[in-house]
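Chemist: What follows is a single structure, and I will ask about it in a moment.
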Amino acid sequence: MALSRRIGRSRFTLVLLVLTSLTLLTLDFRGFGPLDQARSSVLSVFAPVGEGATDLFRPVGNFWHGAFAYDDLQRENDDLRAQIDDLQGQVTTGEVAKRSNQELLAQAKLPFVGDLQTVRARVTSGAVANFDDTIEIGKGSNDGVKKDMPVVTGTGLVGSVVQVSDNRAVVRLLTDTSFQVGVNALGTAFNGVARGQGTDNQLRATMDVTAQVTPGQILVTRAIPGGRFPSDLPVGTVATVTADDGSLQRSIDVNLLADMQDLTYVSVVLWEPTP
Amino acid sequence: MKVVARVALVLLSAAVLERGLFSQLRIGGAAADILLLLAISAGMVGGPDRGAVVGFFAGLVLDLLGQSPLGLYALVYCVVGYVVGAAHSAVVRASRWEPMVLAFLASAVAIALYVVASFMVGRSGLINPHLLVVTAVVSLANAVLVPFTNRTLRWALGDGAGSRAAVR
C-alpha cells in the first residue's frame with residue numbers, strides 16, 4: 001500500500017517536471033523575453049566564475065591536450081616548421097617583411113567586410129554542452145554587440161551572435177547543426193543554402209541542379225531582406241559537388257575558410273539587417 | 001531546506017567543474033557530462049522521485065549554460081533520473097559493478113533520448129559520426145566517475161538516502 005503510494009507520488013513528480021520542461025520549451029520557441037533575459041543574466045554572472053575555473057584548471061587541460069592530441073600537435077608542429085622554412089626562404093629575397101606586414105594589416109582591417117564596423121574580441125571558452133558548437137567571447141552589449149550579428153576572422157565567416165550580456169557574448173559557429181546561411185558562388189548568380197554538419201570545418205550546401213559550381217570555387221554570404229548576413233562575407237570553398245539522379249538540387253560539400261579549431265580572436269561585424 | 005541547499009551547492013559546483021575542467025578534457029571533441037551524471041547518481045542514491053527532481057534541475061543548469069532550446073536537457077535528464085531510480089530500485093542484489101554498468105547504459109540512453117527530443121523540436125543533423133564519439137566518451141567517463149558522484153549525492157540528499165544506500 002505504502003509502496004504503491006510512493007510509486008504514484010514519483011509518477012506525479014515526473015509528470016509535473018515533464019510538463020514544466022515542455023512549458024519552458026514552448027515559451028522558449030515563442031521567444032518569451034524573460035527566458036532570454038535569464039540566459040543573459042546567467043551568462044553575465046557565470047562567465048567570470050567559469051573563466052576563473054578555466055584558468056585554474058588550464059594546466060590540467062594542457063597536459064590532457066598534450067596526451068590525447070599528440071598526433072594533432074605533431075602535425076601542427078610539422079606544418080609550422082614547413083611554414084618557417086618557406087618564410088625563411090622568402091626573407092632572403094627581402095620581400096617577406098613587407099608582404100607579411102601588408103597581410104597582417106589587411107587581416108586586422110578585414111577588407112572583405114568593407115566599410116562595416118567591427119569589434120575585435122578574444123575567445124574566452126568553447127561550448128559547455130557536447131552538442132553545442134559555440135564559443136564565448138569577451139565583448140558584449142557594452143561594446144555594441146547585438147544578437148544575430150555576424151562574426152568573422154581574417155579569413156572568413158565563423159558564425160553569428162546568439163546570446164549577449166554586458167561584457168560577454170555567445171557565438172554559434174557555422175559548424176553547428178542548427179546553423180544555416182544563404183550563400184552564392186562568387187561571381188555567379190547561383191544561390192543556395194549552407195548548413196552546419198556538426199563536424200569540423202565542413203558545411204553542406206544545396207543549390208539548384210542547374211547551378212554550375214566547380215571544386216575550388218569560393219562561396220560567399222548572400223544578403224536577403226531581413227536576413228542575418230550582409231553580402232559577400234567569404235564562407236568557404238567548394239570541395240565536392242554531387243547531384244542525385246532525379247533530384248532538383250545539387251549537394252555541395254564546403255570546406256570552411258576559417259579554421260574553427262584555432263579561434264583565439266574573432267571580430268564581430270556591427271551589422272544589423274534592415275527591416 | 002538543508003537538502004535543497006546541499007543539492008544546489010552540488011549542482012553549482014558541477015556547473016563550474018563542467019565549464020572549467022571537463023570542457024577542457026575532451027577526447028575527439030567530446031567531454032564528460034557531469035550534470036547528466038548527477039541526474040543518474042540522484043536516481044541511484046535517492047530513488048526515482050529525487051532522481052527526477054535533481055535531473056530536472058541539472059538539465060536546466062545545462063540548458064541555461066548552453067544554447068539548446070531551454071527545457072530540452074531538463075526534460076531528458078529528469079526522465080533519465082527517474083528511470084535510473086526505478087531500475088536501481090528493482091535490482092534485488094546489487095553487485096559492486098552495478099552502479100558503473102547502470103551509469104554507462106543510462107548515459108547512452110540519455111544521449112539517444114536527447115537526439116530524439118532534439119529531432120522532435122526541429123533540430124536535425126545530430127546523427128553523425130560525432131554522436132558515436134560523444135556517446136562513448138560520456139558513457140565511459142560517467143561509468144568511471146559514478147562512485148564519486150554517488151558519494152557526493154549521498155551527502156547532499158541526506159540521511160534518508162544514506163541509510164537507503166547502506167541497506168543495499
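A quick yes/no check of all residues on (1) closer than 25 Å to A:ALA129 by Cβ; (2) over 21 Å from the mean Cα position of the chain (by Cα):
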{"site": "A:LEU173", "(1), (2)": "yes, no"}
{"site": "A:THR177", "(1), (2)": "yes, no"}
{"site": "A:ASN184", "(1), (2)": "no, no"}
{"site": "A:ALA194", "(1), (2)": "yes, no"}
{"site": "A:THR199", "(1), (2)": "yes, no"}
{"site": "A:THR206", "(1), (2)": "no, no"}
{"site": "A:THR210", "(1), (2)": "no, yes"}
{"site": "A:PRO215", "(1), (2)": "no, yes"}
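Chemist: What are the residue pairs meeting all of these: first residue in segment A:147-176, first residue within 20 Å of A:PRO48 (Cα to Cα), second residue part of a strand (DSSP E or B) and charged (D, E, K, R), Cβ atoms under 7 Å, and 6 or more apart or on different chains?
Modeler: Sorted first by the residue in segment A:147-176, then by its partner, the pairs are A:VAL162/A:ARG172; A:ARG168/A:GLU136; A:VAL170/A:GLU136.
Chemist: Give segment B:54-70 a look and list any residue that's at the interface with another protein chain (Cβ under 7 Å from one of its Cβ atoms) and touching a residue at least 12 places away in the same chain (Cβ under 8 Å), or say none.
Modeler: Hits for segment B:54-70 are B:PHE56, B:LEU62, B:LEU65, B:SER68, B:PRO69.
Chemist: Find the helices (runs of 4 or more DSSP H) located wholly in segment B:23-131 whose residues include 1 or more that are in contact with a His (Cβ under 7 Å, 6 or more places away or on another chain) and among the aliphatic types (A, V, I, L, M), and list them. Outline the logic, then answer.
Modeler: On the way: elements: B:34-65, B:72-90, B:98-120.
Output list reads B:34-65, B:98-120.
Chemist: Here is a follow-up. Please go through segment A:178-209 and pick out each residue that is without any contact (Cβ under 8 Å) to a residue 24 or more places away in the chain and of a type outside the set (Gly, Ala, Ser).
Modeler: Residues satisfying the conditions are A:GLN180, A:PHE190, A:VAL193, A:ARG195, A:GLN197.
Chemist: Specify which of the listed residues (B:VAL116, B:VAL80) is buried (at least 23 other Cβ atoms within 10 Å of the Cβ), more than 10 Å from chain A (Cβ to nearest Cβ) and out of contact with any Asp or Glu (no Cβ under 9 Å at 6 or more places or on another chain).
Modeler: Just a single option satisfies the conditions, and that option is B:VAL80.
Residue-wise test of (1) over 23 Å from B:LEU70 (Cβ atoms); (2) modelled with pLDDT of 90 or more; (3) within 15 Å of the chain's Cα centre (by Cα).
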{"site": "B:ALA14", "(1), (2), (3)": "no, yes, yes"}
{"site": "B:LEU25", "(1), (2), (3)": "yes, no, no"}
{"site": "B:GLY29", "(1), (2), (3)": "yes, no, no"}
{"site": "B:ASP33", "(1), (2), (3)": "no, yes, yes"}
{"site": "B:LEU37", "(1), (2), (3)": "no, yes, yes"}
{"site": "B:SER41", "(1), (2), (3)": "yes, yes, yes"}
{"site": "B:GLY46", "(1), (2), (3)": "yes, yes, yes"}
{"site": "B:GLY51", "(1), (2), (3)": "no, yes, yes"}
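The values are calculated or read from the model by the stated rules, or taken from the named source; none is laboratory data. The model shown is predicted, which means the values in this text are computed figures rather than measured ones. Virtual Cβ from ideal backbone geometry, glycine too; neighbours counted across all protein chains shown.
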